[in-house]
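The values are calculated or read from the model by the stated rules, or taken from the named source; none is laboratory data. Just so it is clear, the structure is predicted and the values come from calculations on it, not from any experiment. Cβ sites come from the backbone with ideal geometry, for glycine too, and all protein chains shown count toward neighbours. Note: areas computed on protein heavy atoms with side chains; ligands, DNA, RNA excluded. Shrake-Rupley method; radii C 1.70, N 1.55, O 1.52, S 1.80 Å.
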Amino acid sequence: MHDTKAGTPRLAAAKAGNDTGLLLAKLHVAGSAVNNKALGDFGLRERSFWILTLACSGLEPTQRELATFLGLDPSQVVSLVDDLERRGHVERSTGKQDRRARIIVSTAEGRRIHMKARAALEACEHEQLAALSDAESGQLRMLLRKALWGGSD
């Protein structure tokens with residue numbers, strides 16, 4: 001394995017070890033594995049959890065908005081929503097802002113499952129970012145939001 005220092009793989013010393021895309025991809029892959037394992041206890045995976053999270057947000061997302069925001073093909077979102085709906089976690093409803101729009105909203109059971117799954121994911125995130133202080137974790141979140149959507153929030 002030949003680490004240059006404890007916990008750091010030898011190949012991290014290569015130029016690629018400082019590439020933002022590679023670092024984000026590796027963090028994502030590692031996080032997804034841990035997250036999906038924890039979410040399995042609730043019959044969820046990351047994608048279905050994010051759909052449920054947005055359905056619980058009170059923002060009345062449409063399937064198209066979910067697909068765009070999550071970077072998924074609309075057909076994937078339909079399948080994920082179908083599964084969550086079949087399990088009684090979400091329902092399709094008429095939008096309050098636009099009566100022509102079909103929005104995705106959580107059910108009481110969906111909100112109950114979401115609260116438990118959210119707590120499990122927060123524990124996973126804390127574990128994955130254990131090398132960072134709370135301030136650094138907050139700064140990382142802020143920098144990622146800024147890189148994605150601009151602004152300073």
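Here is the figure for region 40-57: residues that are in contact with a His (Cβ under 6 Å, 6 or more places away or on another chain) and open to solvent by less than 30 Å² (accessible area, probe 1.4 Å) total 1. Counting only helices (runs of 4 or more DSSP H) that sit completely within region 73-152, those holding 3 or more residues that are under 19 Å from A38 (Cα atoms) and under 17 Å from the mean Cα position of the chain (by Cα) correspond to 108-128. For region 33-59, a residue qualifies if it is closer than 15 Å to L80 by Cα, in contact (Cβ under 8 Å) with a residue 60 or more places away in the chain and not in a loop (DSSP other than H, G, I, E, B), and the qualifying residues are L39, F49, L52, T53. Is it the case that region 131-142 has a residue that's open to solvent by 60 Å² or more (accessible area, probe 1.4 Å) and either among the acidic types (D, E) or in contact with a His (Cβ under 6 Å, 6 or more places away or on another chain) (or both)? Yes, region 131-142 contains at least one residue that is open to solvent by 60 Å² or more (accessible area, probe 1.4 Å) and either among the acidic types (D, E) or in contact with a His (Cβ under 6 Å, 6 or more places away or on another chain) (or both). Taking the numbered list (1) at pLDDT 95 or above; (2) open to solvent by 70 Å² or more (accessible area, probe 1.4 Å); (3) of a type outside the set (A, V, I, L, M, F, W, C) in turn, N36 passes all entries but (2). The residue list E60, E65, E85 contains one member that is buried (at least 17 other Cβ atoms within 10 Å of the Cβ) and of a type in the set (D, E), which is E60.
Of all residues in region 92-106, those that are farther than 10 Å from P61 by Cβ have Cβ atoms under 9 Å from Cβ atoms of residues that are of a type outside the set (D, E, K, R) and part of a loop (DSSP other than H, G, I, E, B), 6 or more apart or on another chain, in T94/A101; R102/G95; S106/C56; S106/S57; S106/H89. Residues that are among the aliphatic types (A, V, I, L, M) and under 27 Å from G21 (Cα atoms) are absent from region 78-93.
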